[in-house]
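Scroll down for the structure; my scribbles are underneath it.
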Amino acid sequence: MIAVTSELKSRSGREAEVLRIALALARRACEDEPGCHGYTVARSKHDPRRFLTFERYEDDAALAEHSRAPHFKQAFEQLMERLEEPPRVAIFDVVTD
């Protein structure tokens, strides 16, 4: 199992748009990608412009499939226009259930 985190910081005034896009991407990933085992979107309690996604994929192939999915590419393009800085992405091997 692979876990991925992405830290997102929206431009000022674009928070609602970033949240809408991230939630839609999470829904599509869970519905349309058999290798996606969870996709959570969280918002900072201290800075409403900061978001975190926590994703789980069956394996490296499922993560690669996610990155190639048309809905991911479209969402990524839309997010980049609304983010203050590039996302900070980290990839982990899951060591517990």
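For the reader, a short list of remarks on this structure follows.
- In this structure, LYS45 does satisfy being in a loop (DSSP other than H, G, I, E, B) and of a type in the set (Lys, Arg).
- Of all residues in segment 48-97 being charged (D, E, K, R) and assigned to a strand (DSSP E or B), the one that is surrounded by the fewest Cβ atoms within 10 Å (Cβ to Cβ): ASP93
- Positions within segment 1-34 being more than 11 Å from the chain's Cα centre (by Cα), of a type in the set (A, V, I, L, M) and part of a helix (DSSP H, G or I), in sequence order: ALA16
- Candidate set: segment 1-47, residues that are among the acidic types (Asp, Glu) and either within 20 Å of GLU81 (Cα to Cα) or surrounded by 15 or more Cβ atoms within 10 Å (Cβ to Cβ) (or both); chosen: the one modelled with the lowest pLDDT: GLU33
- Matching residues in segment 56-82 - criterion: being among the basic types (Lys, Arg) and closer than 12 Å to CYS30 by Cα: ARG56
The values are calculated or read from the model by the stated rules, or taken from the named source; none is laboratory data. Since this is a predicted model, take the numbers as computed values, not measurements. For neighbour counting, all protein chains shown are included, and Cβ atoms are generated from backbone atoms with ideal geometry for every residue, glycine included.
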